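Input: a single structure, listed below in structure tokens.
All of the numbers you see were taken from the coordinates with simple rules; none came from a lab. All of these numbers come straight from a predicted model, not from anything done at the bench. Cβ: placed from backbone, ideal geometry, glycine included. Neighbour counts: every protein chain shown.
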Amino acid sequence: MKIAFLLHTAYGIGGTITTTFNLAAALAERHDVEIVSVLRGRDNPLLTPDPQVRLRPLVDLRTERDHPRHKEPSRVFPTAESRYGEYSRLTDERIARCLADIDADVVIGTRPGLNVHLALQAPDRVLRVGQEHLTWDHHSPHLRTVLRRAYRRLDLLTTVTEADARLYRRQARLARVPVQALPNSVPGPVLPPSDGRAKLIVAAGRLDPVKGYGLLVRAFAKVVAEHPDWRLRIYGRGEERDRLHGLVQELGLSNHVHLMGAFAPMEGEWVKASIGAASSTFESFGMTIVEAMRCGLPVVSTDCRYGPGEIIQDGVDGRLVPPGDPDAFGAALLDLVRDDERRRAMGRAAAENARRYDPQSVVVEAER
């Protein structure tokens with residue numbers, strides 16, 4: 001079977017890129033797989049695709065950024081989609097031509113705007129699968145209206161959590177389109193898992209208000225007050241860096257909290273730690289939670305809607321705490337910091353339980 005993924009860009013770093021590369025690599029063991037990257041902005045991908053997976057860009061921004069058709073706004077990509085400004089008449093034409101000529105049996109879109117292209121422009125001879133990496137209620141009312149109309153032409157829609165699949169079934173009104181939950185996949189670690197001995201907590205993700213790193217820093221202050229030999233490392237870059245740096249200074253945590261910048265792959269950093277932390281106010285899934293668990297870390301996470309509650313078994317392989325409560329988050333961290341044996345046992349359980357997100361396990365679900 002020939003399978004093609006339609007991806008915004010394969011040349012950056014992000015959860016959608018990572019999980020697409022992971023799933024493509026697993027599928028390539030039994031199928032002919034291609035990733036079509038709408039945009040290309042650099043010579044080589046920052047993440048390494050599997051050598052069995054072909055990579056094909058459609059618009060090369062290194063040479064075509066000033067193309068006259070790229071100056072004209074897109075007429076297909078939804079205006080309410082967050083990436084609309086990066087699409088154009090040129091991308092419309094290249095995507096349409098790609099889909100018209102594609103010899104794949106299955107084409108998988110990986111974001112709402114590309115799912116619209118797929119629904120409207122792919123020929124009936126291909127199986128059209130739309131992937132949603134965000135959630136129904138994350139989309140604006142305008143975008144939901146567009147998706148309700150376009151998604152009726154898909155053959156299948158997948159979400160990354162069962163909770164979101166239920167919401168799509170209720171509200172998207174896609175009576176003839178199956179909606180199935182298919183979680184993101186994370187391969188098993190190459191390095192030995194954490195032994196749970198290091199006095200280190202690690203968090204990773206873009207430095208954005210939704211990630212709640214201010215709450216995490218305040219929660220960690222409670223750990224430092226009792227256990228000053230513990231450290232927190234936060235990996236990522238983004239608009240919140242200066243504010244977080246100021247908060248660290250204000251709380252007197254300069255020797256305890258370190259903003260590490262972006263780092264990929266993260267596996268080598270997870271295994272150095274003993275606890276993972278995820279403090280988001282919103283998650284559509286929780287990719288870093290699974291990454292940390294696969295490396296043998298129990299994860300303390302806010303129990304925000306979607307994602308974390310489907311990944312973590314509270315008290316077994318991690319802890320779930322109410323969003324927006326630094327006291328509860330700090331108490332959960334302290335429970336693991338204080339109890340070495342419990343922390344290590346939960347880390348072992350995390351590594352075992354997270355095996356269900358192995359790409360091969362996800363492929364089995366995808367092929368049903």
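Which trypsin sites (Lys or Arg not before Pro) in the range 226-295 pass both tests, a DSSP loop state and at most 16 other beta-carbon atoms within 10 Å?
Loop-located and lightly packed - Arg237, Lys272.
According to the square roots a ≥ b ≥ c of the eigenvalues of the Cα gyration tensor, what is the shape class of the range 2-182, taking rounded for a/c under 1.5, prolate for a/b larger than b/c otherwise, and oblate for the remainder?
Oblate shape, in that a/c is at least 1.5 and b/c is the bigger or equal ratio.
Determine the distance separating the Cα centre of the range 102-147 from the Cα centre of the range 44-72; give it in Å without decimals.
What the calculation gives is 20 Å, centre to centre.
Mind telling me which of Ala351, Ala163, Ala100 comes out most flexible in a GNM of the chain, alpha-carbon contacts under 10 Å?
With Cα springs under 10 Å in the chain, the top fluctuation among Ala351, Ala163, Ala100 is at Ala100.
Mind checking the angle between helix 15-27 and the chain's longest principal axis? C-alpha axes, 0 to 90 degrees, to the nearest 10.
70
Check which residues have an amide H placed less than 5 Å from Ile275's amide H, if you skip close sequence neighbours.
Residues meeting the criterion, in which the H sits 1.01 Å from N, are Leu200, Val202.
Relative to the longest principal axis of the chain, what angle (0 to 90°, nearest 10) does the C-alpha long axis of helix 326-338 take?
The answer is roughly 60 degrees.
Can you tell me the length gained on complete extension of the stretch Glu341 to Gln180, counting 0.36 nm per residue apart and subtracting the Cα distance?
Going from the current span to full extension adds 54.1 nm.
Rounded if a/c is under 1.5, else prolate if a/b beats b/c, else oblate: with a ≥ b ≥ c from the C-alpha gyration tensor eigenvalues square-rooted, which is the chain?
Since a/c reaches 1.5 and a/b is larger than b/c, the shape of the chain is classed as prolate.
Amide H neighbours of Gln313 under 5 Å, counting only residues 5+ apart in sequence or on other chains, H built in-plane at 1.01 Å?
Gly318
Taking a ≥ b ≥ c as the square roots of the Cα gyration tensor eigenvalues, with a/c under 1.5 meaning rounded and otherwise prolate when a/b beats b/c, else oblate, which class fits the range 200-356?
Rounded shape, in that the Cα axes give a/c under 1.5.
Given H placed 1.01 Å from N in the peptide plane, which residues other than close sequence neighbours of Leu55 have an amide H under 5 Å from its amide H?
Ile35
Quick one: work out the % antiparallel among DSSP beta bridges in the chain, nearest 5.
5
Have a look at Asp358, Asp137, Asp195 and tell me which one the Gaussian network model of the chain (Cα, springs below 10 Å) gives the largest fluctuation.
Sorting by GNM fluctuation, first place goes to Asp137.
Loop by DSSP (not H, G, I, E, B), at most 12 other beta-carbon atoms within 10 Å: where is the longest site-free stretch of the chain for GluC sites (Glu not before Pro)?
Longest gap between qualifying sites, sites excluded: 30-238.
On a 0 to 90 degree scale, rounded to 10, what angle separates helix 89-101 from the longest Cα axis of the chain?
With rounding to tens, the tilt is 70 degrees.
Need one number: nm distance between label points at Ile13 and Asp242, each 7 Å from Cα along Cα→Cβ, rounded to one decimal.
Taking the two extended label points, one gets 2.2 nm.
Mind telling me which of Pro189, Pro51, Pro112 comes out most flexible in a GNM of the chain, alpha-carbon contacts under 10 Å?
Greatest mean-square fluctuation among the candidates belongs to Pro51.
Using 0.36 nm per residue of separation minus the Cα-Cα distance, give me the extension gain between Asp229 and Arg152 in nm, one decimal. Display every interim value, and only then the final one.
Values: separation 77, 0.36 × 77 = 27.72 nm, distance 5.61 nm.
Gain on stretching Asp229 to Arg152: 22.1 nm.
Subtracting the Cα-Cα distance from 0.36 nm times the residue separation, let me have the gained length for Ala100 to Leu200 in nm, one decimal.
30.8 nm is the gain from fully extending Ala100 to Leu200.
Residue by residue through the range 143-158, what is 3J(HN,Hα) from phi via Karplus (6.51 cos²θ - 1.76 cosθ + 1.60, θ = phi - 60°)? Round to whole Hz and write x for glycine and proline.
5, 4, 4, 4, 5, 4, 6, 6, 5, 5, 8, 6, 9, 7, 10, 10
Between the range 181-207 and the range 269-329, what is the C-alpha centre distance in whole Å?
Cα centroid to Cα centroid, the span is 10 Å.
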